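Let me begin by presenting the structure, written as structure tokens, before commenting on it.
The values are calculated or read from the model by the stated rules, or taken from the named source; none is laboratory data. Nothing here was measured: the structure is a model prediction, and the numbers come from that model. Glycine gets a Cβ as well: all are built from the backbone with ideal geometry, and neighbour counts include every protein chain shown.
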Amino acid sequence: MKHDKFQKFRIGASDIARLIAVGYDPDAAGCVRTEAIPMGSDGIYRAYICPDNVHEVEIPDYYHLVAAFSGWARIYDDTEKTADFRADTISIYRAGDMGIIVKLHNADLEKTHIKF
């Protein structure tokens with residue numbers, strides 16, 4: 001299924017053109033990894049949230065994987081936690097100035113939360 005068939009959610013805002021992702025990575029020291037997600041400009045960011053529990057998600061070639069986590073991941077903007085994802089794997093892709101896709105493999109949707 002194409003990513004743009006999924007719902008888009010507000011995932012944060014920034015005056016420094018960055019979001020921060022934190023999540024479990026069994027290969028990282030201490031098993032927790034932090035990843036800065038650079039954006040093309042300051043502003044409010046929206047992401048396609050794509051759980052693949054029902055349909056396989058097609059990620060376009062122009063998107064690039066910027067972060068991947070196992071089990072859980074959180075997104076922070078300049079001031080607060082904006083999203084909490086639970087899935088076997090969480091993959092975050094970026095494209096252009098503002099494009100974001102969060103792919104959730106075997107998502108636990110009851111424990112996944114996005115602040116509106």
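Details
- Of residues in region 54-71 being farther than 20 Å from residue 98 by Cα and surrounded by 12 or more Cβ atoms within 10 Å (Cβ to Cβ), the one nearest to the chain's Cα centre (by Cα): 69
- The set of residues in region 51-88 that are of a type in the set (Val, Ile, Thr) and part of a strand (DSSP E or B) comprises 66, 75, 82.
- Annotation note: of 87, 73, 67, the sole residue that is aliphatic (A, V, I, L, M) and more than 27 Å from residue 42 (Cβ to Cβ) is 87.
- With respect to being of a type outside the set (Asp, Glu) and closer than 21 Å to residue 113 by Cα, residue 62 falls outside the description.
- Selection count, region 75-116, where residues are under 17 Å from residue 51 (Cβ atoms) and of a type outside the set (A, V, I, L, M, F, W, C): 14
- Residue tally, condition out of contact with any Pro (no Cβ under 7 Å at 6 or more places or on another chain), hydrophobic (A, V, I, L, M, F, W, C), assigned to a loop (DSSP other than H, G, I, E, B) and touching a residue at least 24 places away in the same chain (Cβ under 8 Å), over region 5-46: 3
- Pick from region 11-32, criterion of a type in the set (D, E, K, R) and closer than 18 Å to residue 100 by Cβ, ranking: surrounded by the most Cβ atoms within 10 Å (Cβ to Cβ): 18
Every residue, every condition in (1) within 16 Å of residue 18 (Cβ to Cβ); (2) charged (D, E, K, R), yes or no:
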{"position": "37", "(1), (2)": "yes, no"}
{"position": "51", "(1), (2)": "no, no"}
{"position": "67", "(1), (2)": "yes, no"}
{"position": "70", "(1), (2)": "no, no"}
{"position": "81", "(1), (2)": "yes, yes"}
{"position": "84", "(1), (2)": "no, yes"}
{"position": "88", "(1), (2)": "no, yes"}
{"position": "92", "(1), (2)": "yes, no"}
{"position": "100", "(1), (2)": "yes, no"}
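- Filtered by the rule that a residue be in contact (Cβ under 8 Å) with a residue 40 or more places away in the chain, touching a His at 6+ places or on another chain (Cβ under 8 Å) and acidic (Asp, Glu), region 49-86 gives 52, 58.
- Single condition residue 91 does not satisfy, out of (1) surrounded by fewer than 19 Cβ atoms within 10 Å (Cβ to Cβ); (2) not in a loop (DSSP other than H, G, I, E, B): (1)
- Summed over region 77-88, the residues that are touching a strand residue (DSSP E or B) at 6+ places or on another chain (Cβ under 6 Å) and surrounded by fewer than 18 Cβ atoms within 10 Å (Cβ to Cβ) give a count of 5.
- The residues on offer are 20, 59, 92, and the sole one that is closer than 22 Å to residue 5 by Cα, at pLDDT 95 or above and among the hydrophobic types (A, V, I, L, M, F, W, C) is 92.
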